[in-house]
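First the structure, in the form of structure tokens, and then the observations on it.
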Amino acid sequence: MHHRPYIGITTGHNDAEARQELPLRYVRAVEAAGGAPLILPMPASVEGAARLAETIDGLLITGGPGITAGLIGGLPDDLPPVSALRDRTDRWIYHQVRRRGRPVFGICYGMQFINAMCGGAIYGDVQRQAGKPPHSPGRGAPATHEVHLVAGSHLRAALGMETLAVNTYHIQAVAEAGAGLRVSATGADGVIEGIESDDGMLVGVQWHPEMMPNGPCARLFEAFVRRCRPASR
């Protein structure tokens, strides 16, 4: 019987109520893919983050508000910045997990976070700064749009298809992939929708696959969980 890899899941933070928050669908997606989900606390120190990193086989960085690292331009009025506490603890946990050579999967904010940690650039507002159509429902974006999966990418191998209809819930977007990252998916409008490292240990998608649990996107979580099995690293 295979060991279920322990997947650490980051959370949002409600500053006003000093409360961590996480949509249950992230937990369910990891569980359905064969992982053992562990909702991570926000440690008070790097040492605390190191202890957490020792307990998990992989890290899932969830969606969130506006990322403040690696920005080109400021955040728009309709996108609040990430909590300083979340920003700090996400960085600590990410770096501790990476030091241990464990896989990381980033979703929406999580993809942009990975890119920023690798020195990449991020549009504060891709619609205004890059002249792209809206990608947020609050700005009139369509319910879904199509992305092209780059040939030879880990993302395309996991999904087993060339194109995929995805949801869209973002105002920011990756402007330039960071060091050691390559673009693995793009929209028809040229917006970067997926990034990954050559070895597949870092994977990020701009859409929310946890909100599409009954379709091909379940394969993204399955591929991530497989990569997190200690014997596969």
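The values are calculated or read from the model by the stated rules, or taken from the named source; none is laboratory data. Note that the structure is predicted; figures quoted are calculated from it, not measured. Glycine gets a Cβ as well: all are built from the backbone with ideal geometry, and neighbour counts include every protein chain shown.
Annotation: residue 3 fulfils all but one of (1) loosely packed, with under 15 Cβ neighbours inside 10 Å; (2) in contact with a helix residue (DSSP H, G or I) (Cβ under 8 Å, 6 or more places away or on another chain); (3) within 23 Å of residue 172 (Cα to Cα); the unmet one is (3). Contact map, the stretch 54-79: first residue touching a residue at least 60 places away in the same chain (Cβ under 8 Å) and closer than 26 Å to residue 39 by Cα, second residue acidic (Asp, Glu) and part of a loop (DSSP other than H, G, I, E, B), Cβ cut-off under 9 Å, separation 6 or more or different chains; pairs are 79/125. Within the stretch 111-131, the set of residues being in a helix (DSSP H, G or I) and of a type in the set (Val, Ile, Thr) comprises 114, 126.
Name the residues in the stretch 3-15 that are under 20 Å from residue 219 (Cα atoms) and assigned to a loop (DSSP other than H, G, I, E, B), would you?
3, 4, 5
On inspection, residue 196 does not qualify as in a strand (DSSP E or B), out of contact with any Asp or Glu (no Cβ under 7 Å at 6 or more places or on another chain), more than 20 Å from residue 9 (Cβ to Cβ) and not β-branched (Val, Ile, Thr).
Filtering the stretch 10-31 to residues that are buried (at least 16 other Cβ atoms within 10 Å of the Cβ) and among the small types (Gly, Ala, Ser) leaves 12, 29. Which of the residues spanning the stretch 149-168 are touching a Ser or Thr at 6+ places or on another chain (Cβ under 6 Å) and either charged (D, E, K, R) or surrounded by fewer than 16 Cβ atoms within 10 Å (Cβ to Cβ) (or both)? Hit for the stretch 149-168 is 165, nothing else. Evaluated against (1) under 20 Å from residue 79 (Cα atoms); (2) part of a loop (DSSP other than H, G, I, E, B), residue 161 falls short on exactly one condition, (1). Number of residues in the stretch 150-197 that are more than 16 Å from the chain's Cα centre (by Cα) and among the polar types (S, T, N, Q): the value is 2. Scanning the stretch 164-187 for residues that are in contact with an Asp or Glu (Cβ under 8 Å, 6 or more places away or on another chain) and either in a loop (DSSP other than H, G, I, E, B) or more than 12 Å from residue 207 (Cα to Cα) (or both) gives 171, 172, 180, 181, 182, 184. The condition of being at pLDDT below 95 and among the hydroxyl-bearing types (Ser, Thr, Tyr) holds for only one of 144, 163, 168, that being 144.
Looking at the stretch 184-209 only, could you name the residues that are surrounded by fewer than 24 Cβ atoms within 10 Å (Cβ to Cβ) and acidic (Asp, Glu)? Passing the criteria: 189, 198, 199.
Put simply, of 152, 106 the only residue that is without any contact (Cβ under 8 Å) to a residue 12 or more places away in the chain, closer than 29 Å to residue 215 by Cβ and either of a type outside the set (A, V, I, L, M) or in contact with a Leu (Cβ under 8 Å, 6 or more places away or on another chain) (or both) is 152.
Would you confirm whether or not the stretch 26-36 contains a residue that is in contact with a helix residue (DSSP H, G or I) (Cβ under 7 Å, 6 or more places away or on another chain) and closer than 16 Å to residue 109 by Cα? Among the residues of the stretch 26-36, at least one is in contact with a helix residue (DSSP H, G or I) (Cβ under 7 Å, 6 or more places away or on another chain) and closer than 16 Å to residue 109 by Cα, which makes the answer yes.
The single condition from (1) within 19 Å of residue 205 (Cα to Cα); (2) assigned to a loop (DSSP other than H, G, I, E, B) that residue 91 fails is (2). If you go through the stretch 199-216 and keep only what is part of a loop (DSSP other than H, G, I, E, B) and of a type in the set (A, V, I, L, M, F, W, C), you end up with 201, 207, 212.
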